[in-house]
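Below: the structure, in structure tokens.
The values are calculated or read from the model by the stated rules, or taken from the named source; none is laboratory data. As the structure is a prediction and not an experimental result, all values here were calculated from the model. Here the Cβ positions follow ideal geometry from the backbone for every residue, glycine too, while neighbour counts run over all protein chains shown. Ligands, DNA and RNA are stripped out before the accessible areas are found, and what is left, the full protein with its side chains, is counted by its heavy atoms. Shrake-Rupley method; radii C 1.70, N 1.55, O 1.52, S 1.80 Å.
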Amino acid sequence: MNLRLILKLAAVAGILTAISLWMGQVAYSWLPPPASAEAVLVDGLFSLMTAIGTFIFCGVVGTVIYSALFQRAGKYDESDGPPIEGNLTLEVVWTAIPIVLVIWIAAASYRVYDQMSILGPMEHIHMGMGEAIAAPMDMAQGMPETAGLEPEAIEVHARQWVWEFYYPEANVTSTELHLPKDRRIKLALTSEDVLHGFYIPAFRVKQDVIPGRDIDFEFTPILEGKYRLRDSQYSGTYFAAMQADVVVESPDAYQQWLATAAKSPLKPGLNPSYDEYQRTGGDDHRPGWKTVPPAPAPMVNYVGS
Ligand SMILES: [Cu+2]
């Protein structure tokens, strides 16, 4: 290879790198605002993978386009190309680069999972032994300093098709999830019937809620605002209505909310699936197959909107 060609290729690689880095930054805007410490980590990983993907995509597609435009055979040239066989350097390079990339992505992913303290599915669960396995809380850089404080424990009960939240310390029940900002949250996820999925896109965390199990799930909200909890596992007829608002507020506002809610009398909570079922007259007036009737609205201190 002559020097000219090397310089040309280096320039192309430089341009590709610049485009990839830019795309990696743009990738942050494709996702909802990162409202948890975990979301920041996940978005960083997503940005890295987008940048690497952009480099490979542009490199491959660019080479194909360049070849098609500038290296094409003459119109009636049907002869074979030169019989090139074997190039040890090239083979070593194209084997080494993917290996390095895969190891790089694996290491970055592992680091993110490690910082999130995401455990395997079996470690999430304490099998009725009354003993929760605490996640090793190694507050990595970027994670808010909440060490020393016990995680805020909240119970999440999933049933067809409503989310019910219980705050044991204040003895409060709600159909809208309230969370204090910058505080480690420890949810105990239980399902009373079938498989549901706890998923808040703005938090980038997701966990299956498995009937018969009591699953610990921890994360740290860092951005005040209103988000949406969705069911990420198909759980039956009114599964799409199985959503709830998630309000992240300052610890003071959260305590205030708990105190006010604790004084409120119990009333029927939000339950869109039940309302819809009633409106259509139950199974008698529904076309097609019968459905499991939705559970009646839970009795809660705070309904939400
Ligand atoms: Cu569900």
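Kindly evaluate residue 243 against the criterion of being of a type in the set (S, T, N, Q) and open to solvent by 40 Å² or more (accessible area, probe 1.4 Å).
Yes: the conditions hold for residue 243.
Can you name the number of the only condition in (1) out of contact with any Pro (no Cβ under 7 Å at 6 or more places or on another chain); (2) part of a loop (DSSP other than H, G, I, E, B) that residue 32 fails?
With (1) out of contact with any Pro (no Cβ under 7 Å at 6 or more places or on another chain); (2) part of a loop (DSSP other than H, G, I, E, B) applied to residue 32, the lone miss is (1).
Count, please, the residues in segment 163-178 that happen to be open to solvent by 10 Å² or more (accessible area, probe 1.4 Å) and within 16 Å of the ligand (Cβ to nearest atom).
Qualifying residue count, segment 163-178: 1.
What are the residues in segment 240-263 that are away from the ligand (no atom under 16 Å from the Cβ), of a type in the set (Val, Ile, Thr) and within 24 Å of residue 161 (Cα to Cα), if any?
247, 248
Could you list all residues from segment 179-217 that are touching a helix residue (DSSP H, G or I) at 6+ places or on another chain (Cβ under 8 Å), open to solvent by less than 10 Å² (accessible area, probe 1.4 Å) and not aliphatic (A, V, I, L, M)?
Answer for segment 179-217, where residues must be touching a helix residue (DSSP H, G or I) at 6+ places or on another chain (Cβ under 8 Å), open to solvent by less than 10 Å² (accessible area, probe 1.4 Å) and not aliphatic (A, V, I, L, M): 180, 203.
Residues in segment 84-98: is at least one open to solvent by 70 Å² or more (accessible area, probe 1.4 Å), in a loop (DSSP other than H, G, I, E, B) and at pLDDT 90 or above?
yes
Determine if segment 35-47 includes at least one residue that is farther than 29 Å from residue 228 by Cβ and without any contact (Cβ under 8 Å) to a residue 60 or more places away in the chain.
No.
Exactly one condition in (1) buried (at least 17 other Cβ atoms within 10 Å of the Cβ); (2) of a type in the set (A, V, I, L, M); (3) closer than 30 Å to residue 33 by Cβ is not met by residue 253; state its number.
Looking at each condition in turn, residue 253 falls short on (1).
Within segment 152-194, considering only strands (runs of 3 or more DSSP E) that don't extend past its boundaries, which have at least 2 residues that are under 22 Å from residue 265 (Cβ atoms) and in contact with a Phe, Trp or Tyr (Cβ under 6 Å, 6 or more places away or on another chain)?
In segment 152-194, 152-159, 172-174, 177-180 are the strands (runs of 3 or more DSSP E) which contain 2 or more residues that are under 22 Å from residue 265 (Cβ atoms) and in contact with a Phe, Trp or Tyr (Cβ under 6 Å, 6 or more places away or on another chain).
May I ask you to list the residues in segment 179-204 that are within 16 Å of the ligand (Cβ to nearest atom), over 15 Å from residue 245 (Cα atoms) and among the aliphatic types (A, V, I, L, M)?
187, 189, 194, 195
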